[in-house]
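One structure is given below, encoded as structure tokens.
Readers should treat all values here as calculations from the given coordinates under stated rules, not as data from a laboratory. Because the structure is predicted, anything quoted here is derived from the model rather than measured. Here the Cβ is made from the backbone with ideal geometry for all residues, glycine too, and neighbour counts use every protein chain on show.
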There are 2 protein chains.
Amino acid sequence: MDVALAAGSAWTDPACPVARTVDLIGDRWSLLIIRDAMDGATTFTEFLQRLGIARNILTDRLRKLVEHGILDKSAAADGRRHTYRLTEAGLDLFTAVVALRQWGERHAFAPDESHSVLVDDQGRELPELHPLSRDGAPLSAEASHVRKIA
Amino acid sequence: MDVALAAGSAWTDPACPVARTVDLIGDRWSLLIIRDAMDGATTFTEFLQRLGIARNILTDRLRKLVEHGILDKSAAADGRRHTYRLTEAGLDLFTAVVALRQWGERHAFAPDESHSVLVDDQGRELPELHPLSRDGAPLSAEASHVRKIA
DNA sequence: TCCATTAGGTTGCAAAATGCAACCTATCTG
DNA sequence: CAGATAGGTTGCATTTTGCAACCTAATGGA
């Protein structure tokens, strides 16, 4: 777990947590790898087949995700496979994945299109996630702002 | 507001809301444009200066975000500027931005590094956002799964 | 009125990221 | 020992990104 980018790169906006997160997982594939890992994928071949990603790109993304402490790579029990598992930091992306999923459900599908659904262990859909203010009232983007560092 | 990608492109994974969202805003810049729009940026030049993005790329991203119904472009009162404002769908990305921000705060900064902070209109930091199950109990990634469409 | 400035682009070209297909090595399995 | 499986690497073409120069229209001040 390495709180840094690769040597030679730099953060797009070092003081902003949103920008750092985008630098770490904001490409076309990383978040989908994480999505599939959350849904049970563990081996190179599983990710390859589920995603339809090019092999060399998958190799690169898995390596970077391991480097950044989001995935952990270990030898599988059978000796010849490798197992990729989400670390604690990787599992903690669940909130962000759910938020992106729910936005997609609301805005990226036509009314007559169906989509996959995230359900809990009893098969029930999740309630919508929304930011709250400290006192528990719903908080909109307009009612918030970013306090820059000194 | 156009629930579709550009002509000639195709969804990476048409049935998955996470994948569709990534197709729409999952590049290096779109989410940061949205972040700055939420923090008050409205003109081409403002985005350019805040982000340090190349002009042609900004032109392209603003056009796509407008095309996808996330931003709305209009003539400003002074006649020569343009104003970009978040649509309802754009504002609805607030939850996702907050989730990505909070993950970044927890995992993308060393203990001695400081970062900008999102606060409500009374200057208070937001509580952490976490998915809940239908009955209100915290829900982890392990206790959920994706139900694919028929 | 004329000239500089501001705003919001476009264009050409170089560099980097991505994707495809072929190839490679080690390990099982029959 | 032959084939299949797993997890890569390599070379090359295509696409995307980034930089810098250029362009046009509108303003604003001397």
Please report the spacing between the Cα centers of the stretch B:55-70 and the stretch A:1-68 in Å, no decimals. 24
Can you bin the stretch B:32-91 into rounded, prolate or oblate? Criterion: square roots of the alpha carbon gyration tensor eigenvalues sorted a ≥ b ≥ c, rounded for a/c under 1.5, prolate for a/b above b/c, oblate for the rest. rounded
If you take the C-alpha gyration tensor of chain B, multiply each eigenvalue by 5 and take the square root, what semi-axes do you get, largest first, in whole Å? 29, 23, 15
If you place +1 on the Cβ of every Lys and Arg, -1 on the Cβ of every Asp and Glu, and leave all else neutral, what size is the dipole of the stretch A:1-94 about its Cα centre, to the nearest 20 Debye? 360
Among the aspartates and glutamates, select those whose C-alpha is under 19 Å from the C-alpha of B:K64, and discard any that sit fewer than 8 residues away in the same chain. A:D27, B:D2, B:D23, B:D27, B:D36, B:E46, B:D72, B:E88, B:D92
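If I stretch the segment between B:T45 and B:R85 completely, what's the gain in nm (0.36 nm per residue apart, minus their alpha carbon distance), one decimal?
Working: separation 40, 0.36 × 40 = 14.40 nm, distance 1.39 nm.
Between B:T45 and B:R85, full extension yields an extra 13.0 nm.
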Cα-based Rg and Dmax for the protein assembly as shown, in Å, come out at 19.1, 69
Would you mind putting B:87-97, A:91-101 in packing order, based on average other-beta-carbon counts within 10 Å, highest first? A:91-101, B:87-97
Env charge @ B:C16, Cβ radius under 14 Å, K,R +1 / D,E -1, value +1
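Please report Rg over Rh for the stretch B:63-150, where both radii come from the alpha carbon positions and Rh follows the Kirkwood definition.
Values: Rg = 18.5 Å, Rh = 16.9 Å.
Across the stretch B:63-150, the Cα-based Rg/Rh ratio is 1.09.
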Please compute, for peptide A:29-40, the average count of beta-carbon atoms on other protein chains lying within 10 Å of each residue's beta-carbon. 4
If each DSSP helix of 4+ residues adds -39,500 (n - 2.57) and the sum is divided by the residues in chain A, what number results at 222 nm, nearest 500 deg cm²/dmol? -11000 deg cm²/dmol
Using the Cα centre of the protein assembly as shown as the reference point, and only Cβ charges (+1 on K/R, -1 on D/E), how large is the resulting charge dipole? Debye, rounded to the nearest 20. 820
